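What follows is a single structure, written as structure tokens, with notes after it.
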Amino acid sequence: MAGVKFEQAMARLEVIVGELEKGDLPLDESLKIFEEGIRLSKNCLKVLEEAEKKVEVLVQDKNGKKQLRAFTSEDFDQKDSSMEP
Amino acid sequence: MIRASLEADFPETWLEGEISNLRAPGSGHLYCTLKDGSSQIRAVIFRSAAMRLRFGLEDGLQVVVHGRLSVYEPRGEYQLVLDHLEPKGQGALQLAFEQLKRRLEAEGLFNVQRKRPLPAFPWTVGIVTSPTGAAVRDLITVLHRRCPILRIIVAPVQVQGAGAGEQIAAAIHALNTLGCIDVMIVGRGGGSMEDLWSFNEEVVVRAITGSRIPVVSAVGHETDVTLADFAADVRAPTPSAAGEMVAPVLAEIVERLEMFAARCRQATMSQCLDHQQRLDLLVAHLATIRLRILREAQRVDGTLVSMREAIRDTLKQMTARMQGWRQALEAASPEVRVRHGMALVPQLRLRLTGTMAHDLKRYEERIHAYLGRLHGLSPLAILARGYGMLETMPDQTIVRRVAQVSIGDTIRARLVDGELRCTVEDVLPDSSV
């Protein structure tokens, strides 16, 4: 799940910031994790930018198979009775 | 006949009492005794009526019942056939709620240890609710206001009425099988206790506790509490509140990311600056060291020069002294002395021979003088004057006394010009001597 990966990236980023701010790493290692940190933050921002906002609805077709389709304003207007099995 | 008359005389009855001696055989009919302080009566609840009961019957329960009087003919006992029961003092729903809650609680389904944390960054949120109510609209609005990039999947269900519980449970299962959902919200807007009842159903509670995805319950208003709330990982007081709990604020995440990046840059920059400063210090230090080395090298050069000079001087002195020694040595050479001595030899020889000749002459003269004087003293000279000398034979002892010889001895008489061998004829000592 993308959410888990994103969360891991954020956690790693936080660790990197902590390490860098402590400042007791050798310079070459600092530079290495600095690059990693910048890369992570850019990737995370990119992921956020590219994520598309959508609302879907889980429906069952005639064969009983479940499908996702876009959730439209029409769905709001349906009557409760239409959901009866 | 009795039954017909009883059923005719007491068609409908309301009674109040305590349930005791409750039995539930496999048939689905329930049997019990209703009693109060002074009396008791047998009662039966046939299966069709038992299935309509919202709550469970148990011994000691105070109930208000409705039924008709009848006779159980095989035993000739009269009994009440109940078609409606209600707990006394509280609603049937309330009692049913308490009973189910106690049972599921005992099973451990509401344990705090079962609760899972909600994901910090959900990507996809599932919603199990009615698609038509205000609740779903509010929820979507809140979720997207906070996090515009959130993907929302609505599993539409009927949230009240017959079969609603099963629908809700099935939707929770369906969202679990999708595999892309990070967290789900199960709920509906406000309503009466009857309206919310589906969320107290066991099938819903079990679906929630069996969900692999964390569940937030959001049923009715703040004051409404359902068993779904106890089962969920987090209880939200309302659907909108659930939206607030589930969705992070995107702007805050972006801000946090940017801050992280800024702090990375800041920290690395300051470390670099720090290193540069240290490097500068080291370079400065190196320069002073280099200067010191140059000075030392100069001193070494100077020392080398003076050492070379000193060696050259010493060498010169030594050479000079050696020259002197050689001259002295040459001067003292034995060859010179030998040559010198050789020159002296003839001279000395001359002097030696001169002296010798002179001395020899003198000795000759002295020897001649001695010889002359010796000659005068020699017995031979005495012999020349007519004396003779006798000697015994063969030991040549000079005969001075007559006693030295006997008659017949041979003696020798030495004369000046020779000797004589004489035999003694007679020895005549001189008596006067």
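What to note about this one:
- Complete set of residues in the range B:17-43 that are exposed (fewer than 12 other Cβ atoms within 10 Å of the Cβ) and in contact (Cβ under 8 Å) with a residue 12 or more places away in the chain: B:Ser27
- Each residue in the range B:71-83 was checked for being closer than 14 Å to B:Leu34 by Cβ and in contact with a Leu (Cβ under 9 Å, 6 or more places away or on another chain), and 5 pass.
- Close Cβ contacts (under 9 Å, 6 or more residues apart or on different chains) running from residues in the range B:258-276 that are more than 7 Å from chain A (Cβ to nearest Cβ) to residues that are of a type in the set (Phe, Trp, Tyr) and surrounded by 19 or more Cβ atoms within 10 Å (Cβ to Cβ) comprise B:Arg265/A:Phe34.
- Which numbered condition B:Pro346 misses (of (1) loosely packed, with under 10 Cβ neighbours inside 10 Å; (2) in a loop (DSSP other than H, G, I, E, B); (3) not aromatic (Phe, Trp, Tyr)): (2)
- Contacts under 7 angstrom Cβ, first residue in the range A:18-46 being under 24 Å from B:Glu252 (Cα atoms), partner outside any helix (DSSP H, G or I) and among the aliphatic types (A, V, I, L, M), 6 or more apart: A:Glu19/A:Leu25
- Test: residue in the range A:53-61 that is facing chain B (nearest Cβ under 7 Å) and in a helix (DSSP H, G or I): no
- Yes/no for B:Gln158 being part of a loop (DSSP other than H, G, I, E, B), over 60 Å from the mean Cα position of the chain (by Cα) and surrounded by 18 or more Cβ atoms within 10 Å (Cβ to Cβ): yes
The rows are residues; the columns are (1) of a type outside the set (A, V, I, L, M); (2) away from chain A (no Cβ under 11 Å).
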residue	(1), (2)
B:Phe97	yes, yes
B:Ala106	no, yes
B:His173	yes, no
B:Gly191	yes, yes
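- Checking B:Pro429 against (1) outside any helix (DSSP H, G or I); (2) surrounded by 10 or more Cβ atoms within 10 Å (Cβ to Cβ), the condition it does not meet: (2)
- Matching helices (runs of 4 or more DSSP H) fully within the range B:168-283 where at least 1 residues are within 30 Å of A:Leu48 (Cβ to Cβ): B:239-246
Read-outs throughout are calculated quantities, based only on the coordinates presented, and are distinct from any laboratory measurement. Keep in mind it's a predicted model, so treat the numbers as computed, not measured. So basically every Cβ, Gly included, is an ideal-geometry build from the backbone, and we count neighbours across all protein chains shown.
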